[in-house]
Amino acid sequence: MLRSRIAGIGMYVPEHVVTNNDLLKYMDTSDEWIQERTGIKERRYAHRTDETTTTMGVEAAKIAIERAGTTANEIDFIVFATLSPDYYFPGCGVLLQRAMQMKEIGALDVRNQCSGFLYALSVADQFIKTGMYKNILVVGAEKHSFGLDLTTRSRNISVIFGDGAGAVVLQPTEDDNCGILSTHLHSDGESAEILAMFNPGTHANHWGEKNYADFDDAEIAHMFISQKMIDNEQLFPFMDGPAVFKKAIVKFPEVINEALNKNGYKTSDIKLLIPHQANLRIAQFVQQKLKLSDDQVYNNIQHYGNTTAASVPIALCEAWEKGKINNGDLVCLAAFGSGFTWASALLKW
Ligand code: UT7
């Protein structure tokens, strides 16, 4: 049976390290609070003008493509996951296609936030399994630093996020002992507003409970980004952290077990679990619940913060570079976040 395998993997994080103490100049917080509640010691912030989500994705992609033993010219499809695109539209996929001077191949953007990379991987996996494509580039990249409210008001959100990118190249294989065994995707839109960035958007309720008919012409002329929206600082992400936390610690184990059960494996068979790096406390809770040893779980949120769609490929890449994953190892990837959406992938390296 045809399967997809990760033929090459790469990551890129900006040079600029921002410690917890560095954040004190913007907001009322402390290194102690951040480390105790999230495990984060530092994160990276992209260069404000020279680096974008796409340029970071390109850097990660170059490494993944080289490690896959192929070239940008051979890539026949792009799936790019991000919640912080360079432009509202078009997506980052086409910008990467242009930057890497690829052929006129398909480029798809995925907007599934923390689960974005796993959704992207799953889409790519289907195209490989049907035989439609032979070299798919899957990228997860984020430039959060540009869009965060770094004041005390949003400190619960802003301290956790960081910038970076990860990428893999998927290729077909007929080897039964390697490749993606299955992917599992879920959503529950009931909680969409619990972790969201509402503006700019087309929901048109920026000014409270007013009906569309009550807007005057001047307001209608500036519905998408209004002066009031700017004045009321409504252009930043919102998160009810405890509500996300509570749901995450249920859904992570559930979707990991789903992947194991589907393929007849037990938690003890996992060589390495790479959870989305949302919060170290969430990862530790999941580890405990599944009775996994420290060696079976890889975390690097301490150094990069939560990089949303980039977190799984960055952690996977780093774990592989450190020699923690070898041929034939059972690796589980899992994520949970805004939407809510959650997902897992089980693979033999
Ligand atoms: O990847 C996307 C998915 N996101 C997640 O998975 C995030 C899940 N949630 C979390 O990780 C945690 O909820 C947070 C780390 C975001 C927040 O931790 P928490 O323990 O849930 O804190 P909290 O929001 O309940 O706030 C507790 C207290 C509050 O003060 P009072 O009201 O008790 O006096 C906050 O104002 O901590 C305060 N606080 C802070 N204090 C210092 C919130 N953020 C900060 C901060 N520094 N950065």
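The values are calculated or read from the model by the stated rules, or taken from the named source; none is laboratory data. Since this is a predicted model, take the numbers as computed values, not measurements. Neighbour counts are summed over all protein chains in view; Cβ atoms, including those assigned to glycine, are modelled from backbone coordinates with ideal geometry.
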Response to the item:
Considering region 151-182, residues that are of a type outside the set (Val, Ile, Thr) and in a helix (DSSP H, G or I), and then whichever is farthest from Ala60 (Cα to Cα), we arrive at Arg153
Item to complete: From Ser84, Ser115, grab the single residue that is within 30 Å of Arg37 (Cβ to Cβ), in contact with a strand residue (DSSP E or B) (Cβ under 7 Å, 6 or more places away or on another chain) and assigned to a helix (DSSP H, G or I).
Response: Ser115
Item to complete: Tell me, yes or no, whether region 110-124 has at least one residue that is on the phi > 0 side of the Ramachandran plot and under 18 Å from the mean Cα position of the chain (by Cα).
Response: yes
Response to the item:
Here the qualifying pairs (Cβ atoms under 6 Å; residues six or more apart or on different chains; first in region 12-36 and near the ligand (Cβ under 9 Å from one of its atoms) and modelled with pLDDT under 95; second among the aliphatic types (A, V, I, L, M) and not in a helix (DSSP H, G or I)) come out as none
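With respect to Ala309, determine if the residue is within 14 Å of the ligand (Cβ to nearest atom), within 18 Å of Leu170 (Cβ to Cβ) and touching a helix residue (DSSP H, G or I) at 6+ places or on another chain (Cβ under 9 Å).
Values: within 14 Å of the ligand (Cβ to nearest atom): yes; within 18 Å of Leu170 (Cβ to Cβ): yes; touching a helix residue (DSSP H, G or I) at 6+ places or on another chain (Cβ under 9 Å): yes.
Judged against the criteria, Ala309 is a match.
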Discussion item. Tell me the residue from Glu51, Glu32 that is charged (D, E, K, R), more than 17 Å from the chain's Cα centre (by Cα), part of a helix (DSSP H, G or I) and not assigned by TED's automatic domain parsing to the domain that holds Asn306, please.
Written reply: Glu32
Discussion item. Return the pair list, or none, for Cβ contacts closer than 9 Å from residues in region 244-264 that are farther than 13 Å from Ala334 by Cβ and acidic (Asp, Glu) to residues that are away from the ligand (no atom under 16 Å from the Cβ) and outside any helix (DSSP H, G or I), at least 6 apart or on different chains.
Written reply: none
Worksheet item: Where in region 214-264 are the helices (runs of 4 or more DSSP H), entirely inside, with at least 1 residues that are within 16 Å of the ligand (Cβ to nearest atom)?
Response: 241-262
Item to complete: Could you check how many residues of region 11-46 are farther than 16 Å from Thr307 by Cβ and not β-branched (Val, Ile, Thr)?
Response: 16
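From the set of residues in region 87-110 that are among the charged types (D, E, K, R) and outside any strand (DSSP E or B), which is nearest to Ser145 (Cα to Cα)?
Kept after step one, since they are among the charged types (D, E, K, R), are these residues of region 87-110: 98, 103-104, 109.
With outside any strand (DSSP E or B) added as a condition, the list becomes 98, 103-104.
Working: Arg98: 24, Lys103: 31, Glu104: 31 Å.
By that ranking, first place goes to Arg98.
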Worksheet item: Can you tell me which of Lys266, Lys289, Lys247, Lys251 is touching a helix residue (DSSP H, G or I) at 6+ places or on another chain (Cβ under 9 Å), outside the structural domain of Ala165 (by TED's automatic domain parsing), surrounded by 17 or more Cβ atoms within 10 Å (Cβ to Cβ) and among the basic types (Lys, Arg)?
Response: Lys247
Fill in: region 164-190, residues that are more than 16 Å from Ala343 (Cα to Cα), over 18 Å from the mean Cα position of the chain (by Cα) and crowded, with 16+ Cβ neighbours inside 10 Å
Gln171, Pro172, Thr173, Cys178, Gly179
Worksheet item: Has region 167-182 got at least one residue that is modelled with pLDDT of 95 or more and under 26 Å from Thr38 (Cβ atoms)?
Response: yes
